[in-house]
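Undergrad: Here you go, one structure.
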Amino acid sequence: MTEPTDLAARFQNVATRLLRQARVLDEGSQITSAQYSALSTLYSHPDLPLTELARLEYVSHPTMSRIVAALIDQGLVTRTAGKDRRTVALQLTEAGRAAYQRVYAKRLAIISAMVGRLKPETVADLLAVMEEIVPPKT
C-alpha cells in the first residue's frame, strides 16, 4: 500500500502538471492564474465585497486587493457601492465575463481531452474521489 506522503507527492506532481498545461494554454493572455481564479469566483458569485472574495480564494486581503486592482486596470472588474452603501461590491465587466469564458473554454478543452482517454467507469470513480477530497466550492 502506498504511504500517505508518497500519495500526496504524486497528487502534487499531477496538480503541478495540470496547472502547467493550463498556463501553456493561457499564453498570450494577460490574465494570471490568480486573476483567473478571482474572475471565476466573481463569475459565479457577483457583487462580492473584497473581503469575501479573499476569503473564498483563501488569500489575504492585501493579496486580493492587488489582484483586483490589476483586474480593474485591465477593465475586467468594476467596483460599485454595496447594498448597504458601506461596502464596495465587485462585478465582472462584459470584457471580464468574456475573458473568463475564453480561458475557461481553453482549460476545459485540455481537461476534456485528458478525461476523454479514460474509461467511463474510471471517470465516474475519479469524479467521486475528487469531490470527496476537495468538496465543490461554495
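The values are calculated or read from the model by the stated rules, or taken from the named source; none is laboratory data. Note that the coordinates shown come from a computational prediction; the quantities given were computed from them, not determined experimentally. Note that each Cβ is placed from the backbone with ideal geometry, even for glycine, and that neighbours are counted across all protein chains shown. Please note that ligands, DNA and RNA were not included when accessible areas were found on the heavy atoms of the full protein model with its side chains. Shrake-Rupley method; radii C 1.70, N 1.55, O 1.52, S 1.80 Å.
Undergrad: Tell me which of these A15 doesn't satisfy, since it passes every other one: (1) at pLDDT below 85; (2) open to solvent by 60 Å² or more (accessible area, probe 1.4 Å); (3) of a type outside the set (S, T, N, Q).
TA: (2)
Undergrad: Looking at (1) modelled with pLDDT under 90; (2) closer than 21 Å to A89 by Cβ; (3) of a type outside the set (D, E, K, R), which one does V24 not meet, given that it meets all the others?
TA: (2)
Undergrad: Residue pairs, Cβ under 8 Å, 6 or more apart or interchain, first in region 72-87 and in contact (Cβ under 8 Å) with a residue 12 or more places away in the chain, second in a loop (DSSP other than H, G, I, E, B) and among the aliphatic types (A, V, I, L, M). List them.
TA: Qualifying pairs under 8 Å: Q74/I31; L76/I31.
Undergrad: Open to solvent by 60 Å² or more (accessible area, probe 1.4 Å), assigned to a helix (DSSP H, G or I) and not hydroxyl-bearing (S, T, Y), is that true of R97?
TA: Values: open to solvent by 60 Å² or more (accessible area, probe 1.4 Å): yes; assigned to a helix (DSSP H, G or I): yes; not hydroxyl-bearing (S, T, Y): yes.
Yes; evaluated as a whole, the condition is true for this residue.
Undergrad: Would you point out which residue out of R102, R55 is at pLDDT 95 or above, out of contact with any helix residue (DSSP H, G or I) (no Cβ under 8 Å at 6 or more places or on another chain), within 26 Å of V134 (Cα to Cα) and in a helix (DSSP H, G or I)?
TA: Values: R102 fails: at pLDDT 95 or above.
Residue meeting the stated conditions: R55.
Undergrad: Related question: Would you call Q74 polar (S, T, N, Q), in contact with a Lys or Arg (Cβ under 9 Å, 6 or more places away or on another chain) and open to solvent by less than 90 Å² (accessible area, probe 1.4 Å)? Before you say what the answer is, go through the steps one by one.
TA: Numbers: polar (S, T, N, Q): yes; in contact with a Lys or Arg (Cβ under 9 Å, 6 or more places away or on another chain): no; open to solvent by less than 90 Å² (accessible area, probe 1.4 Å): yes.
No; evaluated as a whole, the condition is false for this residue.
Undergrad: From the list V103, V123, which residue is among the hydrophobic types (A, V, I, L, M, F, W, C), under 13 Å from the mean Cα position of the chain (by Cα) and either at positive phi or open to solvent by less than 60 Å² (accessible area, probe 1.4 Å) (or both)? Spell out the reasoning first.
TA: Numbers: V123 fails: under 13 Å from the mean Cα position of the chain (by Cα).
Only one candidate passes the filter, namely V103.
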